[in-house]
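Below is one structure, written out as structure tokens; comments come after it.
The values are calculated or read from the model by the stated rules, or taken from the named source; none is laboratory data. None of these values were measured; they are calculated from a predicted model. Please note: Cβ atoms are built from the backbone with ideal geometry, for glycine as well, and neighbour counts cover all protein chains shown. Calculation scope for accessible area: heavy atoms of the full protein, side chains included, ligands and nucleic acids excluded. Shrake-Rupley method; radii C 1.70, N 1.55, O 1.52, S 1.80 Å.
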Amino acid sequence: MIRRVVLIDDDAAVLESLEAVFVSADYEVQAFGLATDFLAELDRLSPACIVTDLRMPEMDGLTLVNRLKGDIGLSWPIVVISGHANVSEAVEAMRAGAVDFLTKPFAPQRLLAIVQASLTDLLDSANTADSHVDQCYDSLSVRERQIAELLTSGESSKSAALALGISPRTVDVFRGKIMRKMEVTNIAALSTAVAAVSPDLRGVRKTT
């Protein structure tokens, strides 16, 4: 199971307290005093549950949830916490995509339970998505897999055609079939999908 959590709170005492709770529960913790600091590091972080305060300087928690769920499309679960929230703010946070909303003070075990359940759901969703990609890749013929591997490694239709001893036009026809079967619309998305295919399965499929 994923046991990673990102903590965001401008109150240093609260941040330190939350970090101690999760470290004692064997979580890998990344702590940030500002949402903007977290966003600056987002691309370098591994999937985790985000626990963010609602009211912070520079960017508040609700704006962060909207940015992550609306603009970026991040699938990680987000729990919003606040010592000054009202019902409308809680509802707005949940509508924006937060999985839960806790009002301070709260029992640490309650937050731990919410985070654990959220990470279990995240892992289940990831496994389901990976399984679907595997099924799509499995539907490709041997030739389609060969062409997909060449195209996603940076080869052009012409160079892929030379490598396989077929015409560039034939490669383009296969490209269209591959895109439809893999449910993608461009090479970048195809590359991501192919990279997500189980290495063991890809190894077996290449020999068929």
If you take the residues of region 189-208 that are open to solvent by 70 Å² or more (accessible area, probe 1.4 Å) and farther than 13 Å from R145 by Cα, which of them is modelled with the lowest pLDDT?
D200
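Hey, which of the strands (runs of 3 or more DSSP E) in region 33-115, taking only ones fully inside, have at least 1 residues that are open to solvent by 60 Å² or more (accessible area, probe 1.4 Å)? Step through it out loud before you land on a result.
Details: elements: 49-53, 78-82, 100-103.
Per the criteria, 100-103.
Which one is most open to solvent (accessible area, probe 1.4 Å), of the residues in region 134-157 that are outside any helix (DSSP H, G or I) and touching a residue at least 24 places away in the same chain (Cβ under 8 Å)?
Within region 134-157, the subset outside any helix (DSSP H, G or I) is 139-141, 153-156.
After this cut, where a residue has to be touching a residue at least 24 places away in the same chain (Cβ under 8 Å) as well, the list is 139-140.
Details: S139: 57, L140: 4 Å².
By that ranking, first place goes to S139.
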Here is a list of conditions, (1) in a strand (DSSP E or B); (2) open to solvent by 70 Å² or more (accessible area, probe 1.4 Å); (3) more than 20 Å from T120 (Cβ to Cβ), and Q30 meets all of them except one; can you say which number that is?
(3)
Mind checking which pairs have a first residue in region 170-185 that is in contact (Cβ under 8 Å) with a residue 12 or more places away in the chain and closer than 13 Å to S141 by Cβ and a second that is open to solvent by 20 Å² or more (accessible area, probe 1.4 Å) and not hydrophobic (A, V, I, L, M, F, W, C), Cβ under 6 Å, 6 or more apart or different chains?
K181/S139
